[in-house]
Structures are given as structure tokens and as C-alpha cells.
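The values are calculated or read from the model by the stated rules, or taken from the named source; none is laboratory data. Keep in mind that what you see is a predicted model, and the values were worked out from it rather than measured. Ideal geometry is used to build each Cβ from the backbone, glycine not excepted, and the neighbour counts take in all protein chains shown.
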Amino acid sequence: MSVTITANEKLGDIVVKFPQASEIFKRYGIDFCCGGDQILADALEEHSVDGTLLINVLNQTYDEAVKQGIEIVDWSTVSLSQLIHHIVNTHHAYLQQVFPSLTELTAKILRVHGKHHGEVLAQVHRLFNRLRMDMEEHMIKEEEAVFPQVVNYEIEPSYEKLEVLIRDIQELDREHDETGNIVKELRRVTDNYALPEDACKTYTSVFEKLQELESNLFQHIHLENNVLFVHLLNDRKKFEGSQLI
Ligand SMILES: [Fe+2]
Ligand SMILES: [Fe+2]
């Protein structure tokens, strides 16, 4: 087994290098997107996870992926425009597609199962709708204001443009934290999406879709926080280091 991933690396950097690590972190409740700056060793300690075991699992999974020829896209090597194109067409498009049906279905299960599971389902309904509203506004801000500025900056970089962008991404980063908190709260109020015995097909499908939404959102926020924003912050350091300001 080759050692590609070590305990001294940041969670976000590991997922940049090996995106499939996100599924393994998720299984252990390790937050790699909003908590991407955390060192793996510290996360393992915080979650009382056997470090040797988890690092072996990560490296073995990496080796298997390489052997099977699974394409491992290192997003830190693509241009910012390509990354933005991927985020918008994959992750924003996904949310736009699932939001309407989940709005309808979270209301439907509250209506049908409210009598026995009203407390949980009312919270799911409320939290999901808050998440939808927050994310819709957030994505409009990204697509209409911030991302076009990043593309423009990439074509013609300047320290002035970068300063404006850094202020914008700080705001987006705060919003990611708020969204991350809603996702965690959804998992908490549903007791990790545990289904009651009388859960019908729709109830089951809503809980499955919400978990899929969680995975997709984690990957989405990870690409913005740990790849796009980190790239811009590194550019600022380079500008300041070269004193070409
Ligand atoms: Fe986004
Ligand atoms: Fe975002």
C-alpha cells in the first residue's frame, strides 16, 4: 500500500487530492468542507476515531481507485473558470433540480405523518425551507456577482480586484457555515435520518433525498472553500510577497 495520505494534512487538502475521501469522512461524521482547515490528526482525536485504521482505509481506497482506473480529478490543477463552470453546472444545477420536489415532499410527509411524528417532521420542513431560501439567495450572489468577477480576475489579475474578491468570499464563507449548521441540525433532529417503523415510501424517499442533498452540498462547499477561495487567498500572498502591488 502506498502512503498518499498522512495524519498531518488538512482535511480540505486531502479531499482536494482524493475526492472519494469525502465519503469516508462523512461516515465518521468528520466535517471536511466548513472544517477543511482542520488537520486530520486533530479531527481523529476530536471524534475519537482510530487514526491508524482510518488512514489505512483512506490509502487502501486511494490505491484501489488508482488500480481500477477511476478518474481522480484534482480540482486544484484546473483553471478557476473551469472550476466555476463545474460548480454551477453540477452543484447549483443539482440544487435547482431537487429543491421544488423536496419542498413538496417535506410538506406532504408532515401532513400525512404529522399526527405521530409531528415534532421531527415540522423541524425537517422548517429547516429544509430555510436551507432552500438561504442557498437560492447565495447561489444568485455567486452566479451574478462573485463568479463573473473571479473569471474577470483570472483573465486580467490585479491586486485591487483581488482585494474586492477576498471581501466577497469572506461573506460567502460565513454563509457556507450557516448552511453547514442547518445540514448538521437536520441530521441531529432526525437522529441520523432514522426511519420509524411506520415510514411509508415517501417518508423513506425524503430521508434518502435529504442525505443525498447533504453529500452533494458538502462536496459543493468543499470545492468553493478549499479550492476556489484557497486559490484566491494564495494569490494574495503571492502578490504581497512579490510586492507587485
Ligand atoms: Fe455555490
Ligand atoms: Fe457557495
Residues that are aromatic (Phe, Trp, Tyr) and part of a loop (DSSP other than H, G, I, E, B): does region 200-222 have at least one? no
The listed residue being farther than 17 Å from Met135 by Cα, in contact with a helix residue (DSSP H, G or I) (Cβ under 9 Å, 6 or more places away or on another chain) and within 16 Å of ligand 2 (Cβ to nearest atom), out of Leu80, Leu110: Leu80
Top-ranked residue in region 164-183 [being more than 14 Å from ligand 2 (Cβ to nearest atom) and free of Cβ contacts under 8 Å to residues at least 12 places away in the same chain; ranked as surrounded by the fewest Cβ atoms within 10 Å (Cβ to Cβ)]: Arg167
With the condition kept exactly as written, say whether any residue in region 154-167 is touching an Asp or Glu at 6+ places or on another chain (Cβ under 8 Å) and within 16 Å of ligand 1 (Cβ to nearest atom). no
Could you run through region 188-213 and say how many residues are in contact with a Leu (Cβ under 9 Å, 6 or more places away or on another chain) and away from ligand 1 (no atom under 15 Å from the Cβ)? 11
All helices (runs of 4 or more DSSP H) inside region 31-100 with 2 or more residues being in the same structural domain as Glu144 (by TED's automatic domain parsing) and within 30 Å of Ile140 (Cβ to Cβ): 80-86
Single condition Ser22 does not satisfy, out of (1) surrounded by 13 or more Cβ atoms within 10 Å (Cβ to Cβ); (2) touching a residue at least 24 places away in the same chain (Cβ under 8 Å); (3) not in a helix (DSSP H, G or I): (3)
